[in-house]
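Inspection log for the structure reproduced underneath, given as structure tokens.
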Amino acid sequence: MIDLHIHTTASDGSHPASEVVEMARSHHLLAFGVADHNSTGSLQEAYSLAEKYRLNFFPAVELDTLYQDQDLHLLVYGIDFQNQECRDWMDWIEKAKMDQTKRRVEKLKGLGFRIEYQELVGITKGKMPTGGDYVRALSIDPEGRNDPRVREYIDGARSDSPYLNFYLDWLKAGKKGFVPFEEMDCVKVIEKAGKLKGVAVLAHPSDAPEEYVRELKGRGLQGLEVYTSYHSPDLAKHWLGVAREAGLMITAGSDFHGKPIKPKVKFGIDCPEEQEIIERLTQAMDSSRGIYLFFPKPSAAF
């Protein structure tokens with residue numbers, strides 16, 4: 001079992017880095033990766049604990065980017081999170097995301113939703129808002145809570161995973177509340193990540209048209225997240241074929257957040273290519289001089 005796409009409380013996960021490491025140990029993962037949204041805040045702690053327990057660890061960050069008309073998520077593995085330039089970039093991204101949040105709020109208000117920016121950031125206590133924070137902000141007063149569109153996420157048809165579903169229904173590319181993250185052009189992000197020793201992998205690629213994947217391969221994209229909670233077995237098989245044809249490495253990540261963000265997503269993924277994934281990713285890390293931990297002879301902790 002392997003899992004190279006796990007979220008912590010540094011973004012919108014339910015578990016701090018210390019708990020994620022313990023989960024990696026208890027699940028006997030061959031390798032794991034922390035990849036928070038637009039944040040490297042948990043990487044040092046996760047790295048130190050993984051080193052202590054001799055766990056194969058691939059630190060990463062999941063970056064929101066814009067390519068053409070699509071909101072694409074890039075997993076950047078091995079990024080030099082200890083570098084001041086990287087820290088400065090994360091700070092800049094956070095400010096840009098908060099500006100995007102203001103634009104999202106105005107868009108939602110224009111659609112008739114009862115929501116205020118200050119109430120939203122009050123809920124997040126300064127952190128970047130997620131889909132769940134929008135649902136909470138929309139539910140603050142009776143007027144907003146009783147909006148039939150909001151009730152769908154409280155006790156209606158979309159309440160099984162309300163926080164994720166609100167993002168998918170309203171904030172994702174192509175939806176009425178979508179606000180493009182123009183500050184993060186995908187190609188420029190790939191270039192910047194490379195300068196910081198990172199290896200760029202497209203998360204849950206079924207979000208993107210295949211021609212975009214092929215175009216980005218020519219602009220520095222190195223891999224596809226083939227095995228993910230977003231993909232059925234048939235979709236995984238399809239994207240495995242796309243990766244093979246394009247000469248891209250493959251990865252596997254659950255996109256685990258824990259409750260309440262993604263209650264149905266389980267920790268860890270089984271796939272036939274686990275050893276290939278680890279070997280090719282370590283090779284890419286060596287080429288980029290990226291940061292990672294790999295122990296050829298794992299301890300009994302696995």
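The values are calculated or read from the model by the stated rules, or taken from the named source; none is laboratory data. Not measured: the values here are computed from a predicted model. Glycine gets a Cβ as well: all are built from the backbone with ideal geometry, and neighbour counts include every protein chain shown.
Remarks
- Test for residue 109: is it more than 17 Å from the chain's Cα centre (by Cα), charged (D, E, K, R) and either at pLDDT 90 or above or assigned by TED's automatic domain parsing to the domain that holds residue 166 (or both): yes
- The listed residue being part of a loop (DSSP other than H, G, I, E, B), buried (at least 18 other Cβ atoms within 10 Å of the Cβ), at negative phi and out of contact with any strand residue (DSSP E or B) (no Cβ under 9 Å at 6 or more places or on another chain), out of 80, 12: 80
- Residue within the range 237-244 that is under 24 Å from residue 3 (Cα atoms), assigned by TED's automatic domain parsing to the domain that holds residue 40, surrounded by fewer than 17 Cβ atoms within 10 Å (Cβ to Cβ) and touching a residue at least 40 places away in the same chain (Cβ under 8 Å) present: no
- Taking the criterion of being surrounded by 14 or more Cβ atoms within 10 Å (Cβ to Cβ) and under 18 Å from residue 64 (Cβ atoms), the residues of the range 210-222 that qualify are 212, 213, 216, 220, 221.
- Any chance residue 201 is part of a helix (DSSP H, G or I) and crowded, with 17+ Cβ neighbours inside 10 Å: no
- Qualifying residue in the range 264-286 (condition: among the small types (Gly, Ala, Ser), in a helix (DSSP H, G or I), assigned by TED's automatic domain parsing to the domain that holds residue 189 and under 24 Å from residue 86 (Cβ atoms)): yes
- Selection within the range 195-217 - modelled with pLDDT of 95 or more and among the small types (Gly, Ala, Ser): 198, 200, 203
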